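See structure below.
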Amino acid sequence: MKRLIYFFAPTLFLCQSLFSQYAVQPNARKVQVAILFDTSNSMDGLIDQAKSRIWSIVNEMSNLRYQGQMPTIEIALYDYGNSTLTAESGYIRQQVALTNDLDVISQKLFALTTNGGDEYCGAVIQKSMQDLNWSVNPNDLKMIYIAGNEPFNQGSVPFREVCTTASTRDIFINTIYCGDRDQGIREFWQDCASLAKGDYFNINSDAQVRQIATPYDGEIGIYNDSLNRTYYGYGSMGQVKKSLQKEQDFNASNQAPSVAAERAIVKSKGSYSNSGWDLVDAVDKDGKNIQEMEESELPDEFKGKTAEQRVELLDSIRADRARFQSKIGELANKRQEFITEELKKETTGGVDDFGTSVNNSMLKRAKEIGFETEVP
């Protein structure tokens, strides 16, 4: 028995260490971000930029710490100004409420389509403030990002009142104008950001996001495939959600190898949580008792086994996951070092896009309210 304990000790230590590093604590602070996209005809480039940068944004969020703890990450998504929506809705649609299900966020983002319409910025901000379950804790980071290219004062909802109200609720509104900076200022995009203590940006939404390929992207992809094999769907949604996970891997890789690598790095962190359908996350993060689960709920690999055999199999899967996440984390560090060196060779300043706007403002506001950034 002693020899058996000694044999498993290194693996158990690795699992405990990684769980401590990546797990989100129950009383963790929150980082809540609502993204409001103009999906009228001219915004295809904006949506493409967001698809290319979503996992970079989530990685920046995942590096935030509050008093040493990883925060809970929640993202919401709205689109507005699309003529396929109804006039009664103000041409506004909630794609998904604040959620930590990152695969759903990716799914909704990649499903966005554009069509001409009326863009009511004040109305969509008001809608997001009314609908979403915003934290009331002033130590939580709450951000709204609204992106578009039409005058900000359109519609019946006065944007100044909405933006001022957001400020009283510690919600920072950041505006991203897709076009000339001065034109955006004339069309009141900066006014909203100033009233809500956020930032105003302008971007060329038609510019293609530059992706820096690294020697580590391929190996990260291999470990990502191995990591996927440690996910075992349970319950009625298990297989559906596992298919969704693979679908979002495909969407990321279809953008660029670097985007796929960014997504895999997110999956190696505690911010990527799937306790609603994955057995390991359900046990480790939600406290689900595998020994009490009905046979019909279990993945096929766990059926027909004793309670002890279930636990033993789960421990083995957990150890594999910890090992693959650790390998991806090591490669992520090397990858970032490579990217940093490549950027030093740049002779011109970086080009602002949707992702850099979000990351820059988020890190600045997070620091102001007491968050720190963990260097990967």
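Please treat every number below as a calculation from the coordinates, not as lab data. Source: prediction; values computed, not measured. So basically every Cβ, Gly included, is an ideal-geometry build from the backbone, and we count neighbours across all protein chains shown.
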Quick one: what are the phi-derived ³J(HN,Hα) couplings along the range 169-180, Karplus 6.51/-1.76/1.60 with θ = phi - 60°, whole Hz, x for glycine and proline?
-> 9, 6, 9, 7, 9, 10, 10, 10, 8, 8, x, 4
Tabulate in residue order the Karplus-calculated ³J(HN,Hα) for the range 199-205, using 6.51 cos²θ - 1.76 cosθ + 1.60 with θ = phi - 60°, rounded to whole Hz; enter x for Gly and Pro.
-> 10, 10, 10, 10, 9, 8, 5
Farthest positive-ward along the range 211-344 dipole, Cα basis, beta-carbon charges - from GLY304, SER326, VAL280 | SER326
Alpha-carbon spread of the range 211-344, three principal axes, descending order, Å = 56, 24, 21
Taking the dipole of the chain about the Cα centre (Lys, Arg +1; Asp, Glu -1; charges at Cβ), the one of VAL33, GLY45, GLY235 that reaches farthest to the positive side is GLY235
Enter the per residue convex hull volume of the range 179-245, computed from alpha-carbon coordinates, in Å³ rounded to the nearest integer.
-> 206 Å³
Assigning unit charges at the beta carbon (Lys, Arg +1; Asp, Glu -1) and nothing else, what dipole magnitude in debye, to the nearest 20, does the chain show about its Cα centre?
-> 1020 debye
Project the alpha carbons of the range 34-92 onto their principal axes and report the range along each, largest first, in whole Å.
-> 46, 25, 10
With θ set to phi - 60° and the Karplus curve 6.51 cos²θ - 1.76 cosθ + 1.60, what are the ³J(HN,Hα) couplings of the range 112-126 in order, to the nearest whole Hz, using x for Gly and Pro?
-> 5, 10, 10, 6, x, x, 9, 10, 10, 5, x, 5, 6, 5, 4
5 angstrom amide H check on ALA76, placed H, neighbours 5+ away = VAL33, ALA34, ILE35, THR99
With Rh as the Kirkwood radius over Cα pairs, the range 114-190 has Rg/Rh of 0.98
Among ILE339, ILE54, ILE125, whose mean-square fluctuation peaks in a Gaussian network model of the chain (Cα, cutoff 10 Å)?
-> ILE339
Given charges of +1 on the Cβ of Lys and Arg and -1 on the Cβ of Asp and Glu, with all other atoms neutral, how large is the dipole of the range 211-344 about its Cα centre, in debye to the nearest 20?
-> 240 debye
Helix-derived mean residue ellipticity, 222 nm - over the chain, DSSP H n ≥ 4, -39500 (n - 2.57), to 500 = -16000 deg cm²/dmol
Going toward the positive end of the dipole of the range 211-344, with +1 on Lys and Arg Cβ and -1 on Asp and Glu Cβ, which of ALA256, SER226, THR340 do you reach last?
-> THR340
Hey, got the dipole for the range 282-376? About the Cα centre, +1 on K and R Cβ, -1 on D and E Cβ, debye to the nearest 20?
-> 380 debye
